[in-house]
1. Restricting attention to segment B:452-485, which residues are among the hydroxyl-bearing types (Ser, Thr, Tyr) and more than 17 Å from residue B:515 (Cα to Cα)?
2. Going by the conditions given, is residue B:234 within 14 Å of chain A (Cβ to nearest Cβ), open to solvent by 10 Å² or more (accessible area, probe 1.4 Å) and in contact (Cβ under 8 Å) with a residue 60 or more places away in the chain?
3. Looking only at segment A:29-43, count every residue that is surrounded by 23 or more Cβ atoms within 10 Å (Cβ to Cβ) and within 12 Å of ligand 2 (Cβ to nearest atom) and tell me the total.
4. Please enumerate the residues belonging to segment B:443-469 that are open to solvent by 50 Å² or more (accessible area, probe 1.4 Å) and under 19 Å from the mean Cα position of the chain (by Cα).
5. For the condition of a type in the set (Ser, Thr, Tyr), within 14 Å of another protein chain (Cβ to nearest Cβ) and surrounded by fewer than 19 Cβ atoms within 10 Å (Cβ to Cβ), what is the one hit in B:383, B:369, B:393, B:343?
6. Which of (1) more than 22 Å from residue A:65 (Cβ to Cβ); (2) away from chain A (no Cβ under 14 Å) does residue B:362 not meet, given it meets every other one?
7. When segment B:416-437 is examined, which residues are found to be open to solvent by 70 Å² or more (accessible area, probe 1.4 Å) and farther than 17 Å from residue B:494 by Cβ?
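The values are calculated or read from the model by the stated rules, or taken from the named source; none is laboratory data. Note that the structure is a prediction, hence the values are computed from the model and not measured. Here the Cβ positions follow ideal geometry from the backbone for every residue, glycine too, while neighbour counts run over all protein chains shown. Ligands, DNA and RNA are stripped out before the accessible areas are found, and what is left, the full protein with its side chains, is counted by its heavy atoms. Shrake-Rupley method; radii C 1.70, N 1.55, O 1.52, S 1.80 Å.
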Amino acid sequence: MSTRTTKSLEGKVVVVGSQGVGKTSVVIRYVGGMFSKAVSPTIGASFFTYKFNLGNYRVKLQVWDTAGQERFRSMAPMYYRKANAAMLVYDITSSDSFYDIKDWVKELKNNVDTPLVLCLVGNKCDLEESRAVSKDEAEEYASSINSLFYETSALKNMGVDEAFLQVAKQMVHLYETNPNSGLNTMDLYMKSESTHSDDNNTDIKLDAKTSPNNSTSGSGCGC
Amino acid sequence: MAEAKEADRLPDHVDHYESSDQGDFNENEAPGDSHEKILIASDSYEDLNYDDIAVSSFGKPYSGSIIDIVRHNSCSDEKEADASSLNLINESSAESSNEDQNEGQVKDLSADKVPEDVGEGMKLEIRENEDFGPEWRQKKKHLFIFSSAGKPIYSRHGSEDKLVTIMGVMQALVSFVQVSGDNMRCIIAGDHKFIFLNRDQIVLVGVSSAGDSSTQIVLQLSYVYNQIISVLTYTSLHKIFKQRRNYDLRRLLSGAEKFIDNLVNMMDTEPGFLLGAIRCLPLDAPVREMIEQTIVLNAKVKDLVFAVMLANNQLISLVRMKKYFLSAMDLHLIINLVNASESFKTAESWTPICLPKFDSSGFLQAHISYLDENSQTCLLLLSVDREAFFTLSECKNKIQERLLKYNSLRAISDSLATTSYSIQQCGITDLRHFLYKSKSIAQYTSPELEAPYLTPADQERLFGLYHYLHHRIHSPARPLKILYYVGEQETLLGWMTQGFELYTVFGPLVTKTNAIHAINKLLRWIKKEEDQLFILNSVTF
Ligand SMILES: Nc1nc2c(ncn2[C@@H]2O[C@H](COP(=O)(O)OP(=O)(O)OP(=O)(O)O)[C@@H](O)[C@H]2O)c(=O)[nH]1
Ligand SMILES: [Mg+2]
């Protein structure tokens, strides 16, 4: 029986940005595939997971959707300290929310010493008529901080999947190139006949032996 | 002064019957009585006179519980280092030297020392202004919160910005009285009472024309004050104003106004706040036991202090760490948090919450999730460990799985579907509605609201009657054991013993004998149902 080794990669993503820029809406669009008008302000932080296959990796994203309200600001380190990626969300119709990103970046630079994938997200791009932050300016800023950049609309489902996908790809890249990436993996032994199922891990045999970071090369197959 | 006024304003044709008779029912058999400590009753209402609320019960931050738990569990230096990341906890331990405890406490002042001219004759000169239109004026209850520097913090109706003037006037009154070493408590102007609660650089003013008593309004204000503490902690509130007297607290409270809004609205309709008691979701005893055991078995993890399960503002179960207790007042704040936040329905949440009675100096971390698809049954796991999310999330999954397997979630939703119980089930003619509180367990029960209390206006009137009855029975000047009161549209009978408080509403034609007979029958019914209606066992991890 032919088997092939697949790695599972657990990536922690923290979503930050000012109150009401649409962080929760973006996450729900990505994870739940929908937009709810009735979404209410986040209290503390909400936790989401999302699993998908990416090349040879079975990726599990753990997403912390943080609250933008000022009183929760001091909680943020708890989430970003352990993160592998940060989505920096602003609202393209609010230049204040864009300036707030700069504070976030400063804070992240000062407090996080593990490598962190950054992704600048200009949300609500469906509201072109009231745009207050130009795409050029944001793009320029993104490259100055070595960050990915996407404009998204949770409402119109634009750019959201792309943004998360690129973040995941960068995390894989980070894992492969940086031994101290802090990313968790474990080996999965997958029967070749049962692969190619896209979003459904029921048919994956999981050898529950966790091996942090350095893959245990040469270990025998699970069947 | 206020109390006397109220008695004078009794609705017409009142037949008063006051007595210390206790009827047939044996006091020692209070239904729902338990020797186990389940919930700590809030300070008994009798003790909640103004000075106590204003000075003692909230003045001293209980700095202890959280630190104790963290310390107790820290076996080595390694854990100590961990605790240092809990910066608020550490700050509080630094401050727990009594240094600031007396600061901000108002000077004691007994009622008769209130300067005459500040009372009755006082007329507030507020500029006529379209912001205070007739609609605003007609609101029966207002709530204003401002800092001692006069900065607006919150207003129940109308935006604070537009009410800067009125809050300025109030602040001027407060400081004027304070200069002479006194403390502003109350202004009565016609039907309106203005009640002041001056706490730690913030002033809360309740204005009511709804007929509630001064003490009842103070109680409401203290709930609101506790709500603010719950969001910020006493320690940081104190610190903020110590550093900057002029601080605009709205910045930090931004987004939390809705908790205050929700709280004051709930206090207008939920008797539990007035009674200082919690309502339990009626469940068969084995079902509740099953749920409790499931929690105990699957959430026995380090640093978890309380596990609370709620549905529709009612308590399903409470499991606590040995030695630590939850007070009814804190549980009311938890219920308010869940009731006011839609966002917990979207995903598992992790949020700090301060429980002022438990420990006003620091935050607990709450893992909050709904267990069923319809987002009815909410589980809260409160821990002192900020890193416990994933552990608790696992506990939650196991609890959920088992409750599903044993159909407990089904039992909960069935109980919710029938809301509560009908007064008919008690089988007592002429009894329209009642509130029964078992004091030892700080829990209450009451039937559904039925005709003739179906419209909001009628429900408000009923609630007003309960406030009246409650106030008379607890009157500081003349507390009563039994009050029989014949009103225009109904007859009320209130009875207070060591073990319980009972407030009943009858049709207008009931006779005194029949009413007393009826409440004896009612008490027997409650006794029979007590396992369903109350949580009588204290469950610990
Ligand atoms: N037009 C438009 N509105 C959006 C979009 N995304 C979110 N919104 C709206 O923006 C408001 C705030 O959205 P949330 O997702 O709650 O924002 P948030 O950043 O999570 O807010 P906090 O949790 O308070 O920090 C809501 O009214 C959403 O409906 C979008 O892409 N386009
Ligand atoms: Mg949000």
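1. Passing the criteria: B:453, B:455, B:468, B:475.
2. The answer is no for residue B:234.
3. Qualifying residue count for the region: 2.
4. Passing the criteria: only B:460.
5. Every option except B:393 fails the conditions.
6. So residue B:362 meets the others, but not (2).
7. B:417, B:418, B:424, B:425, B:429, listed by residue number.
Rundown of residues vs (1) in a strand (DSSP E or B); (2) within 16 Å of ligand 1 (Cβ to nearest atom), yes/no style:
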position: A:90; (1), (2): yes, yes
position: A:101; (1), (2): no, yes
position: A:110; (1), (2): no, no
position: A:114; (1), (2): no, no
position: A:137; (1), (2): no, no
